[in-house]
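**Student:** The structure is given below, and queries will be raised subsequently.
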Amino acid sequence: MFKEFQGLLHSLRRVLCLKCPISRRFLQMLEVANRTKEQLDGLLVHFYCYQLKEDQLKHRHMINSVLEQHSVTDAERARVRQLQQQQGSCRLQTDAAAAGNRERRITRVLFDDFDRLTVLLDLHRGHSLFMKPKHIPISVKELKKVDVTDRSPQHSDKGLSVGPHSFESMSKARLHNQHWVEEVYTALREGYVKAGKYLLEKLPLENSTITNLATLSLTMIQHEATRQGLLSLGRSLPNVLDTAQLGQLDAEVRAYQVDVDILNLQRVSLFSASSQAHLLKVHSTSWMTFWKLIAL
């Protein structure tokens, strides 16, 4: 029946469940949020008749708005009403103890807490930025000192970035003093603290090999740390370069740092990973050791 409701609303995708569950929790949550947001109008129409009569009257304007938004014809509206009446009849015949609590929870979230639901879904589709730019550390050494529980370097609730999808809805909710807004901000900060502590504990921030990989970027071509970073990278990859080749690598890196073609490409801001790779491949015969290192 839900599929037919989706069809009457001219929904492009009419499958509710994911065919291939995703193993990563964050990616799965993002997909669930996107799919729920996409099918929200269909869910409203589907669960409308699971409410009490007085609640149906109170929320009838939401259904009318959905039908108008999707340009539902008179014939399609008649079919929607017919399906909803069938649902109402089936609901009365089911065991209230078995399904009533679940239905009440769903209808309460869909209709009574609709604004809060859409904000939470949009928050899962976007991202939040908590720290003020001037307090964001650049070096790994300073990053390790960050206290994610300290509120002083963080934005206030009003200045908190809530992502591109929920910016407007959160602003309206805060303006109208919605009772759940404070709870959302509190939950966001709790999530930030948990994620920050986990990342600071688990990320290999002291791994010099990962740090040295940054010197492969064309933006670092003339940085004073680039040559030593690439030499350290060569030393840490004995399966790629042996010790006898480090002198050759040093000479090639010095040539790389003053190559006119690459410097010109950098100066006009047209460089990219693909263009850099192309230029280095052109020089691969003369910079064999360096090319061997970056071609990993």
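Coordinate-derived values only; no laboratory data. Model, not experiment: these values are computed from the prediction. Using ideal geometry, Cβ is built from the backbone for each residue, glycine included, and neighbour counts are taken over all protein chains shown.
**Student:** Can you pull the one-decimal nm distance between simple spin-label points at LEU205 and ASP259, each 7 Å off the Cα toward Cβ?
**Tutor:** In this crude spin-label approximation the distance works out to 3.5 nm.
**Student:** Give, as a single signed number, the net charge of other residues whose beta carbon lies under 13 Å from the beta carbon of ARG105, with Lys and Arg counted +1 and Asp and Glu -1.
**Tutor:** Once all neighbours under 13 Å are counted, the net charge is 0.
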